[in-house]
Amino acid sequence: MSGALFIGVDVGSSATKCVILDQAGALKGHHVVASGFKYSDAVDTAITQSLLDAKGRKEDIAYCVSTGYGRKHVSCSDRVVTEISTHARGARAWNPAVRTIIDIGGQDTKIICIDDHGQLLDYRMNAKCAAGTGTFLESIAVKLGMTLAALDKLAMQSTDPTVVNSYCTVFAGTEVIERIKAGQAPEDIAMGLFRSIATRIKEMIPGRSGAFGATGGVVQHCQAMILTLEETLGGEILKAPMPQHAGAYGAALLALESHAKKGSEVDHAPTG
Amino acid sequence: MSTIAKRVPINARKKLQSLMREYFVSLDAAAADSDRRVAWCTSVGPCEILSAMGYEVYFPENHGALLGARKISHECIPAAVGVGYCAESCSYMTSDIGAALSGISPLTEAFGIAGPPKPDLLSYSTNQCREVQDWWNFFGRRHDAPVMGIRPPSHLGQVTDAHVAFVRGELNQLITRIESHSGTKLDWSRLETVVDLSSRASSLWRQVLDLAQAQPSPITFFDGLIHMAPVILMRGSQEAIDYYDMLLAEMNERVEEGTAAVPNERFRVYWDGMPVWPKVRELSEKFFDLGVSIAASTYCNSWAFEEYDGGDPLEWMARTSTEIFINRDETFKQQFLLDMCKRFSIDGLIFHNARTCPNNTNSRFGMAQRLRDEAGMPVLVFDGDLSDSRFFSTAQTMTNIEAFVEQLEGCCQ
Ligand code: SF4
């Protein structure tokens, strides 16, 4: 028995993440699983495995906040919050200096700006197409016959990144083939791909104020992404402690707060 | 959030349905009758002149909107693209042209008529955009009918007497051209009557929209999209006036009784830009469920003109059609939006970036950011389109809207 647990479940288009906190807000467990075709299965697995990690039981769950693309598919959710707000909430906890969060997910890339109190100021999502997202990198990695991790490793050896201009994943793929044919170094082409994402991100940022923080699966797995973001945006990028779990972590924090608020509402409920 | 609260339907809608049917059936009959004449006109074009000269007036933009609302635009657009109309240009135009090429019309199912009435002439004003000119030209060629337009000065800050005089001159020339084509002289007293009727309908419509200043609001943008039809299609008729008299009375009653368009109204939001016709229902339900009332919009106000107080009817037409929001510069538009937000006690602003209508999209030159700073309220810009649903991502937009409401709630604080 581990006491009351507070869970955040982030059902993304590619991966489902779960984070469990205890009453004091300490991290007790977490898990990530591919979202697959059936969100409910992914959610079950993510929660069950996180509970194992936390040495807790389902009955210990005091409050659950779900978030992400499939946020409405979490049957045990007490509250549904968008990934924009959960990322904002999470960032304030993992580094209070962060004012602009760059979240590079599978399906979309988000820029989330918060004020000194953690309140949302502005947010942007990339427009529909895969360019500038994890899917963009994955699809080109597949075309090149390698994994995302291998693409990252290759990019880190680059000395002179090439420029990939296209806004469209398909056209960018064609550009890569042209660069290969032109004899450009594979590592420079690989870094060029990361740089093209960084350039798209730069276009989405409304203006600099405070520190940049980065989250999301691509940030978790690709060192090259942080490096090129720092070059493109001209400054340090603070990487979230568990980049891929940042949304679930924010959701778990909101679960803790929502539960406390619910408790205080009950405490003050009229009795007569 | 649960949808426990129920919508209170607007009773006038029944009357609206019969009015619309009469309007389209009459147009259809006019097109088939060699003694009657049909003119096509842009939505803020010189329709009063056409009516006064005995034409029955049809508005193709309405057909574009219907194609979108009935979710058939995407079936029509490829045919227009195939004959050289860019898929990124006005989707009212591409869907309307494509519908004609494919023999599709939502008017068949809705009103039992074959489709848009064949025009005897087509008339436009570029006070809204230059696209209408090429759209009309397509149908002019197709129906072998003359296309006669006016081109007022655009992107104006102040509308000066010189601007009005210029447009008045253009309208005068238009009258001469129509007279020579039709062989009928304009009866100026008839024009005065039509302009008076037009202005009265418009004024009543404005009063209806202004009642949304009440809290809770008795009517939203989504209701407005339905009930604005007569002020566009039947402008200049007694029927439009009677309709808005009835709607205004119902809205006044709602305000007195505190009947809300969105029960439990938590936030009041302004909508700038075009509607997303194929997604109107989903969006309306989403805002309803979130307790958000879209209390005011640029779009519904586009047909709320200054009143006509007698005098030169042509001058009134020149002034009102030049003064419209879409024809103004960024500074004017920004101030207009700020004033509207104040008047309607708005908590947040939404800009629809309609991908195929840059003319009626106001978030492309930094206005959203400037307004957020100046009005100090949350502003959301989302990508979509008026008719082409391929430019719209439901999941992404709904997330954006929910996050916007979370921002209004101060969720992360
Ligand atoms: S204003 Fe926009 S939607 Fe209307 S006709 Fe012009 S381009 Fe099309």
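Is it the case, given these coordinates, that B:Arg343 is crowded, with 17+ Cβ neighbours inside 10 Å and charged (D, E, K, R)? Here the answer is no, as B:Arg343 does not meet what is asked. Against the definition (touching a strand residue (DSSP E or B) at 6+ places or on another chain (Cβ under 6 Å), crowded, with 22+ Cβ neighbours inside 10 Å, assigned to a loop (DSSP other than H, G, I, E, B) and more than 9 Å from chain A (Cβ to nearest Cβ)), how does B:Leu386 come out, yes or no? For B:Leu386, the condition - touching a strand residue (DSSP E or B) at 6+ places or on another chain (Cβ under 6 Å), crowded, with 22+ Cβ neighbours inside 10 Å, assigned to a loop (DSSP other than H, G, I, E, B) and more than 9 Å from chain A (Cβ to nearest Cβ) - is met. Candidates are the residues of the range A:156-199 that are touching a residue at least 24 places away in the same chain (Cβ under 8 Å) and aromatic (Phe, Trp, Tyr); the one that is nearest to A:Ala214 (Cα to Cα) is A:Phe194. Does A:Ala62 satisfy the condition of being outside the structural domain of A:Ala260 (by TED's automatic domain parsing) and in contact (Cβ under 8 Å) with a residue 40 or more places away in the chain? Answer is no for this residue. Of all residues in the range B:98-120, those satisfying the criterion of being more than 19 Å from the chain's Cα centre (by Cα), crowded, with 22+ Cβ neighbours inside 10 Å and closer than 23 Å to B:Met148 by Cβ are B:Pro117, B:Pro119. Looking at B:Met398, is it within 14 Å of chain A (Cβ to nearest Cβ), without any contact (Cβ under 8 Å) to a residue 60 or more places away in the chain and either crowded, with 22+ Cβ neighbours inside 10 Å or away from the ligand (no atom under 16 Å from the Cβ) (or both)? No, not satisfied. In the range B:174-185, the residues that are within 16 Å of B:Cys47 (Cβ to Cβ) reach residues that are of a type in the set (S, T, N, Q) with C-beta atoms within less than 9 angstrom, at least six apart or across chains, in these pairs: B:Leu174/B:Ser123; B:Ile178/B:Ser123; B:Ile178/B:Thr184.
Here B:Asn327 meets the list (1) within 12 Å of another protein chain (Cβ to nearest Cβ); (2) of a type outside the set (Val, Ile, Thr); (3) within 16 Å of the ligand (Cβ to nearest atom); (4) surrounded by 21 or more Cβ atoms within 10 Å (Cβ to Cβ) almost entirely, failing just condition (1).
Which one of these is free of Cβ contacts under 8 Å to residues at least 24 places away in the same chain, within 16 Å of the ligand (Cβ to nearest atom) and β-branched (Val, Ile, Thr): B:Val81, B:Val44?
Unique residue meeting the criteria: B:Val81.
Only a single criterion out of (1) within 14 Å of chain B (Cβ to nearest Cβ); (2) modelled with pLDDT under 90 is not satisfied by A:Thr162, namely (1). Tally the residues that are polar (S, T, N, Q) and more than 16 Å from the ligand (Cβ to nearest atom), restricting the search to the range B:343-363. Number satisfying all stated conditions: 1.
Does at least one position in the range B:301-313 carry a residue that is away from the ligand (no atom under 16 Å from the Cβ) and within 11 Å of chain A (Cβ to nearest Cβ)?
No, that holds for no residue.
Within the range A:91-114, is there a residue that is farther than 15 Å from A:Ala211 by Cβ, hydroxyl-bearing (Ser, Thr, Tyr) and facing chain B (nearest Cβ under 7 Å)? No.
Looking for something more than 16 Å from the ligand (Cβ to nearest atom), exposed (fewer than 15 other Cβ atoms within 10 Å of the Cβ) and among the aliphatic types (A, V, I, L, M) - is there at least one such residue anywhere in the range B:163-171? Scanning the range B:163-171 turns up at least one residue that is more than 16 Å from the ligand (Cβ to nearest atom), exposed (fewer than 15 other Cβ atoms within 10 Å of the Cβ) and among the aliphatic types (A, V, I, L, M). Residue pairs whose Cβ atoms lie under 6 Å apart, sitting 6 or more positions apart in sequence or on different chains, and linking a residue in the range B:286-301 that is part of a strand (DSSP E or B) to a partner that is not hydrophobic (A, V, I, L, M, F, W, C), are B:Ser293/B:Ser217; B:Ser293/B:Thr220; B:Ser293/B:Glu265; B:Ser293/B:Arg268; B:Ile294/B:Thr220; B:Ala295/B:Ser217; B:Ala295/B:Arg268; B:Ala296/B:Tyr270.
Grab the helices (runs of 4 or more DSSP H) fully contained in the range A:161-244, keeping just those with 3 or more residues being within 30 Å of A:Gly8 (Cβ to Cβ) and either in the same structural domain as A:Met125 (by TED's automatic domain parsing) or among the basic types (Lys, Arg) (or both). Walk me through how you get there before you give the answer.
Values: elements: A:169-181, A:186-204, A:217-221, A:223-233.
Where helices (runs of 4 or more DSSP H) fall fully within the range A:161-244 and carry at least 3 residues being within 30 Å of A:Gly8 (Cβ to Cβ) and either in the same structural domain as A:Met125 (by TED's automatic domain parsing) or among the basic types (Lys, Arg) (or both), they are A:186-204, A:217-221, A:223-233.
Only residues that are within 16 Å of the ligand (Cβ to nearest atom) and more than 12 Å from B:Thr394 (Cβ to Cβ) were counted across the range B:271-290, and they come to 7.
List the number of the failed condition for A:Gly118; all other conditions in (1) crowded, with 24+ Cβ neighbours inside 10 Å; (2) among the small types (Gly, Ala, Ser); (3) over 15 Å from the mean Cα position of the chain (by Cα); (4) at the interface with another protein chain (Cβ under 9 Å from one of its Cβ atoms) hold. (1) is the only condition that A:Gly118 fails. Only one of the numbered conditions (1) within 12 Å of the ligand (Cβ to nearest atom); (2) more than 14 Å from chain A (Cβ to nearest Cβ) is violated by B:Glu88, and that is (2). Looking only at residues in the range B:7-41 that are of a type in the set (Val, Ile, Thr) and over 29 Å from B:Thr126 (Cα atoms), the one that is nearest to the ligand (Cβ to nearest atom) is B:Ile10.
Regarding the range B:276-284, can at least one residue be identified that is surrounded by 20 or more Cβ atoms within 10 Å (Cβ to Cβ) and assigned to a loop (DSSP other than H, G, I, E, B)? Among the residues of the range B:276-284, at least one is surrounded by 20 or more Cβ atoms within 10 Å (Cβ to Cβ) and assigned to a loop (DSSP other than H, G, I, E, B), which makes the answer yes.
Tell me which residues, restricted to the range B:218-236, are under 11 Å from the mean Cα position of the chain (by Cα) and among the acidic types (Asp, Glu).
Matches in the range B:218-236: none.
The values are calculated or read from the model by the stated rules, or taken from the named source; none is laboratory data. What you see is a predicted model; the values in this text were computed from it and never measured. When we count neighbours, we look across all protein chains shown, and the Cβ atoms used for this are built from the backbone with ideal geometry, even at glycine.
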